[in-house]
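Below: the structure, in structure tokens.
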Amino acid sequence: MPNLLLEEKGVARYSQYKIALRNFSDEPQRYEYQLDSELFKQLDGSADIQKGAVDVILTVRKGVAAFEFLFQISGTVSVSCDRCLDDIAMDVNTENKLYVKFGKEYSEENDEIIIIPEEDGEINVVWFIYEFIALSLPLKRVHAPGKCNKAMSSALNKYKATSVDEAEEDEQAIDPRWEALKGLQVDESDE
């Protein structure tokens, strides 16, 4: 749950991402955020996104049964190349919706509907923004051909797996001592 994650990382640090919903206006509200490398390091100290410059425009509308959050996210983030592990810049351009309802306790009904305790009356959106960014990135993250780290590419080529065709070529060059075993047959009727 995003709330627990933020509590572990110090929610006070992310207070500018809190949206108070209890006395929300009937008019749509617009929020703008600029995410930088420092925020990405704080949110995800161990993996994926380590650097970036991302702009977020969040529009919140009060509906009859739920609040509609529309996130427009654009910018660039830096992730590790899957092949050479050097940083690679990836563009981010995504729109996401989130519906927030009041309830007794925090829960996620699905990927788009969040229930928050009515007594709290607010939601912190920083983790949702991070997730939308991370989910917008492609699964395979590699440099363009010829742009990977040369030393790492050489090491990978040294240990790369052989294809089926190469394996068949190697099979043709079998040690002659093993060649004699090919002629042996097992009589299956004795089993």
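Okay, here's what the table says:
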| quantity | calculated |
| --- | --- |
| Long-range HN-HN contacts of G52 with modeled amide H, under 5 Å | S37, S78 |
| Selection of chymotrypsin sites (Phe, Trp or Tyr not before Pro), the stretch 105-161, meeting DSSP coil and at most 14 other Cβ within 10 Å | Y159 |
| The stretch 36-128: relative contact order in percent, alpha carbon pairs under 8 Å with at least 6 residues between | 19 percent |
| Residue-wise HN-Hα coupling along the stretch 85-97, computed from phi with Karplus coefficients 6.51, -1.76, 1.60 (Hz; x: Gly, Pro) | 6, 6, 5, 9, 7, 10, 6, 10, 8, 8, 10, 9, 10 |
| For the stretch 52-150, Kirkwood radius (reciprocal of mean inverse C-alpha pair distance, Å) | 15.4 Å |
| Under Karplus coefficients 6.51, -1.76 and 1.60, residue-wise ³J(HN,Hα) of the stretch 51-62 in Hz, glycine/proline x | 9, x, 9, 10, 9, 10, 10, 10, 10, 10, 10, 8 |
| Cleavage-rule hits, GluC sites (Glu not before Pro), the stretch 68-160, DSSP coil, Cβ neighbours within 10 Å at most 14 | E105, E109, E112, E118, E119 |
| Sequence of M152, M90 when ordered by accessible area, the most exposed leading, probe 1.4 angstrom | M152, M90 |
| Qualifying trypsin sites (Lys or Arg not before Pro) in the stretch 61-161, DSSP loop, other Cβ atoms within 10 Å at most 16 | K104, K140, R141, K147, K160 |
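The values are calculated or read from the model by the stated rules, or taken from the named source; none is laboratory data. Bear in mind the structure is a predicted one, so any value in this text is a computation, not a measurement. Positions of Cβ are backbone-derived with ideal geometry, glycine not excepted, and every protein chain shown enters the neighbour counts. When the accessible area is computed, the model is the full protein with side chains, heavy atoms only, and any ligands, DNA or RNA have been set aside. Shrake-Rupley method; radii C 1.70, N 1.55, O 1.52, S 1.80 Å.
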